Amino acid sequence: MRPAFIDPVFGAQEAFRALMDAMARPGRIQRCDVLPDLPEALAPAAAAALLALTDAETPVWTDATGEARDWIAFHTGAPLVADASKAQFLLATRAMPKLSTLDSGTDETPQDSATLIVQLDALAEGAGWRLTGPGIEHEHRLDAAGLPDDFAAQWAANRKGFPCGVDLVLCTGARLAALPRSTRIEEAG
Amino acid sequence: MYVAVKGGDAAISAAHAWLAQRRRGDEALPELSPAQIEEQLGLAVDRVMAEGSCHDRGLAALAIKQARGDLIEAAFLLRAYRNTLSRFAACEPLDTGAMRVQRRISATYKDLPGGQVLGPTFDYTHRLLDFALAAEGLPPAEPEEAEAASATMPRVTELLAREGLMSRDIAGGNETPPDLTREPLPFPTPRPLRLQSLARGDEGFLLGLGYSTQRGYGNAHPFVAELRMGEVEIMLAPSELGFAVSIGDITVTECQMVNQFAGSAHNPPQFTRGYGLAMGHGERRAMAMALVDRALMATEMGEEATAPAQDAEFVLLHADNVEATGFVEHLKLPHHVDFQSELEKLRSIRARWQADRDANPLAEAAALEATI
Amino acid sequence: MSILARASVEDMEARLADTPALPPHRVIRGPEIGLTMLRGRAGGDGAAFNLGEATVTRCSVSLPDGTLGHCWRLGRDRRAAELAAWLDAALQQDALRPALLDAVVEPLREGQAGAAALTARRAAATEVRFATLQAMR
């Protein structure tokens, strides 16, 4: 078994700070490199996000298997659920589950909706989607490689239920960007 | 007109410095250590743990020292500290039937399996101040010892239940109980949430309510079927192990309070019971909790709920002394703007009242006559 | 594990003085302090309810061969948790197990059992022996 944060307090704080900045500035890439020794299947940014956000009281779903799955179960202490719709946090290391199958909260408790962390092949600013919405002054460009083809349609459906909806954290290596449910995505024309 | 102002920093830090000096008291006397509080003021520690809803004797002792002996302030400090820690896991429900009993008495049966064990109790003391305690340095007498039977003690309520004279609680399974520290309290409140709320409630409030049920506010005629205090083993199943391990022992006090129940169309007349469980040695707390627990079952049992102790909303929303002290004591905080608006409103009402009176002196005379 | 969870650092270290050195260990989680929710049952045997929390310290270590050792214990003693987890790992090694059981675990168990027995004997001394008064003829 490999260890997690070298310093649990500062590690969790740094990861949380990166996530908070990412959520406040949708689409802007943050670095979070606090996990030097990880099971191969896990991206450092995604693993750090999971460690910072989850604990014994948050059901987690993941498609990770073997060492990566054991590492998540052991270090987060979170109950791993098989049914993605029952999870409060999800980590997709390969194909992401359909957004419509996840818990999007209720009008009374929209804050209880799921947060989906996805590991991607690549993430770059300056090209790709045009993002607008709260936290973005005019527009922001983000290019994410490795999402399903119908992602834009899934996202539009997710946005429709506002204030309910799933929040997304996109990760590649030690970098991450967030798409909160309030962000509009326009595909690059 | 008042406006929002900032200030008082210097006054606050001077006040806190004086507080620290007051806490220490006369420096010619030795300073009290948390370890001394833990050992020698153990029942205060137990109360702070129960009301702080966090079992940790050392932290509770430190909180008592910091709070200068104000136990509600100490419970507040302990709750605040507790909030900085993450919850790793939940334990398996503790088995009070397997308690290593230090004290166990029954007011309903003289001869019961396991016997009446008095333990370290204030009962049967004369409540005469013991001036020997004021003279330091006298070691207490060594406690006596006797051959101990190894068997655990059956619960008294189980003896009655076997005869069908006592309602049984529905046997508990492994379902996760609701948690009032995670979800707001719903009404009507399920019993597991009521018990959680009472377990951390203010002892004085619970005592007063329990007493009120005995005095006729509610229809109670209670007996202590059993009161027991001792150590229970805490079992926890970490996910990395997949099985439960014993992680330590804690002392708890348990009270089973028996009440009569007239019966209903579905149930024959039988005894019913209220339940109290307290961290540490807290007999008064466990007994009062059991009385109030039973009172709060009134509606479920088809009894008329007329007394304060039977009103879950009244009891559960006012039992928590940290919440209560927060709301009462917040009145000390500046309400300058609130009060200014009240003042202006009152001035304008008075002015109108005076104007009405000046305009219509006859009405004033009539009003005077009416009061005579 | 239950015996190590109750042992103090001083007691464990004192017992380890006479044993061969433990293999080196690497901490993989903790030692960290958190909470565990204590639960009771209504009436002692009914539906579970939350009694309140307790502080708990946990630690997990691994030995060079990958053996994992764990400790969960009530309270806030980080050193004790790490040492107990280390001992838990070492106890899984066939070569060390007999010596550690003899030199560490068994004496600790005896000490804990002795303390429990003393409490039980003191309690027994406070048991009431009723002397029933017979009506005289």
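The values are calculated or read from the model by the stated rules, or taken from the named source; none is laboratory data. Everything quoted here is computed from the prediction, not taken from an experiment. Neighbour counts run over all protein chains shown; Cβ positions are idealised from the backbone, glycine included. The accessibility values were calculated without ligands, DNA or RNA, using every heavy atom of the protein model including side chains. Shrake-Rupley method; radii C 1.70, N 1.55, O 1.52, S 1.80 Å.
For segment B:86-96, backbone phi angles converted through the Karplus equation (6.51, -1.76, 1.60; θ = phi - 60°) give residue-by-residue couplings of 8, 8, 6, 5, 10, 7, 6, x, 6, 9, 6 Hz, Gly and Pro being listed as x.
Of B:242, B:52, B:208, which has the largest mean-square fluctuation in a 10 Å C-alpha GNM of chain B? Most flexible of the set in this elastic network: B:242. For the pair segment C:21-98 and segment A:42-68, the centres of their Cα atoms are 22 angstrom apart. Note: segment B:10-82, Cα convex hull, 80 Å³ per residue.
Note on the protein assembly as shown: the C-alpha convex hull projects to 50.2 nm² when averaged across all orientations. Each Cα pair under 8 Å and six or more residues apart adds its sequence gap; the mean of these over the residue count of chain B is a relative contact order of 17 percent. How tilted is helix A:44-53 with respect to the longest principal axis of chain A? Cα atoms for both, answer in degrees (0 to 90, nearest 10). Orientation of helix A:44-53: about 80 degrees from the principal axis. Taking every DSSP beta bridge that has both residues in the protein assembly as shown, what percent is antiparallel when rounded to the nearest 5? About 80 percent, rounded to the nearest 5. Between segment B:100-133 and segment B:1-66, the alpha-carbon centres lie 33 Å apart. Please determine, in degrees from 0 to 90 and to the nearest 10, the orientation of helix B:283-295 with respect to the longest principal axis defined by the Cα atoms of chain B, where the helix direction is its Cα long axis. Value to nearest ten degrees: 70. Kindly list the residues of segment B:186-228 that lie in the label zone of residue B:314, defined by a backbone N under 14 Å from the point 7 Å along the Cα-to-C-beta vector. What the label zone holds, given the 14 Å backbone N cut-off, is B:206, B:208-219. In this label model, residue A:28 and residue B:31 are separated by 4.7 nm, measuring between points 7 Å along each Cα→Cβ vector.
Amide H to amide H, with H built 1.01 Å from N, residue C:56 comes under 5 Å of C:34, C:35, C:36, C:75, counting only residues 5 or more places away or on other chains. Once neighbouring chains are kept in place and the probe is 1.4 Å, which whole percent of the accessible area of the protein assembly as shown is contributed by carbon and sulfur? Carbon and sulfur together cover 55 percent of it. Value of Rg to Rh for chain B, rounded to two decimals, is 1.08; Kirkwood radius and Rg both from alpha-carbon coordinates. Would you pull out the residues with amide H under 5 Å of residue A:91's amide H, same chain only if 5 or more places away, H placed 1.01 Å from N? Residues meeting the amide H criterion: A:61, A:62, A:63, A:117.
The largest accessible area among A:181, A:94 belongs to the first residue in A:94, A:181, and the rest follow in falling order (1.4 Å probe, all chains). Pairwise Cα distances in segment A:8-182 exceed 28 Å in 15 percent of cases. Distance from the Cα centroid of segment A:137-161 to that of segment B:144-209 is 52 Å (rounded to whole angstrom). Candidate cross-link partners of residue A:98 among the lysines, defined by an alpha-carbon separation under 17 Å and a same-chain spacing of 8 or more, comprise A:86, A:160. Per residue of B:177-183, other chain Cβ atoms within 10 Å of the residue Cβ number 3 on average. Ordered by 1.4 Å accessible area with all protein chains kept, A:72, A:185 run largest first as A:185, A:72.
The mean sequence distance of close C-alpha pairs (under 8 Å, at least 6 residues apart), as a share of the length of segment B:1-136, puts its relative contact order at 14 percent. Once the trypsin sites (Lys or Arg not before Pro) in DSSP loops with at most 16 neighbouring Cβ atoms within 10 Å are cut out of chain B, the longest remaining piece is B:216-372.
Seen against the Cα atoms of chain A and their longest principal axis, helix A:66-76 is set at about 90 degrees.
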